[in-house]
Amino acid sequence: MTEVILNIYDVTNSDSDKTNNTIVQINKIFKDGIGIGGIFHSAVQVYGDEEWSFGYCEHGTGVFSCPSGKNPMYTYRECIVLGKTNFSIFKINQILRELSREWPGCSYDLLSKNCNHFCDEFCERLGVPKLPGWVNRFAHAGDAAVEIAGTTALRFRQAKTEIVSASKVAYRFLAGVTSNSSVASDSPGNSNRGTPRFQATWFKNLISNGAKPSSSSELENKDTAIFRQQQ
């Protein structure tokens, strides 16, 4: 059995010293101060003095190695022993070859497929616990926010479509009512039910009553009242 070690770095690969110092301060406050998380790079060390991680590149695999704790792009922070694996070095090399094919550099995404996600996958295949939640919490939160924003935008578009459709239906209905009333008023011997006044009253009652069905006596009383108003 051999130990599986997680090496953690502050992400200080900006060309701006001010930005790098800000990130270090953020990590001190949010991780060291209140234990929530921070902006970190991670790499897995197993068998020997090399660590393995994942990063962006245009061509080929994004899986790479460097001397443990000495990645020149970041500032080394700490290491955590995640557990021990029973796999031989031959088996681990086989796993790394598989991961190299499955993790091309062009698939790198800061929120959904970064170095910490790779280390999680590597540790799972080694049979040891995954990374502590605080290591990649900011990326998980950002990914969730993006997903929520996209879902909200989709729902707004769907609601807009439904409102437009409902408006069209209402317009066609009202246009039909107006058309029918015009035809009815020009026809000889039409009844009071065909008058615009009756239809307007009926439509108003339909809205105010929530389209509730009326009894036969109620309908008869309404017809009588409207007929008397028109006399």
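Here Ile29 clears all of (1) modelled with pLDDT under 95; (2) buried (at least 18 other Cβ atoms within 10 Å of the Cβ) except the condition numbered (2).
Would you be able to say whether some residue in the stretch 57-65 is of a type in the set (Ser, Thr, Tyr), surrounded by 12 or more Cβ atoms within 10 Å (Cβ to Cβ) and in a strand (DSSP E or B)? Yes - at least one qualifying residue is present in the stretch 57-65. Total residues in the stretch 86-99 satisfying the condition of being open to solvent by 40 Å² or more (accessible area, probe 1.4 Å) and within 29 Å of Phe138 (Cβ to Cβ): the figure is 1. Number of residues in the stretch 104-120 that are surrounded by fewer than 17 Cβ atoms within 10 Å (Cβ to Cβ) and within 18 Å of the chain's Cα centre (by Cα) equals 3. Six or more apart or on different chains, Cβ under 6 Å: which pairs go from a residue in the stretch 71-99 that's within 15 Å of Cys123 (Cβ to Cβ) and among the hydroxyl-bearing types (Ser, Thr, Tyr) to one that's open to solvent by less than 50 Å² (accessible area, probe 1.4 Å) and in a strand (DSSP E or B)? Could you list them? Taking only residues 6 or more apart or on different chains, the pairs are Thr85/Val4.
The values are calculated or read from the model by the stated rules, or taken from the named source; none is laboratory data. Because the structure is predicted, anything quoted here is derived from the model rather than measured. Cβ: placed from backbone, ideal geometry, glycine included. Neighbour counts: every protein chain shown. Accessible surface is based on the protein model in full, side chains and every heavy atom, while ligands, DNA and RNA are left aside. Shrake-Rupley method; radii C 1.70, N 1.55, O 1.52, S 1.80 Å.
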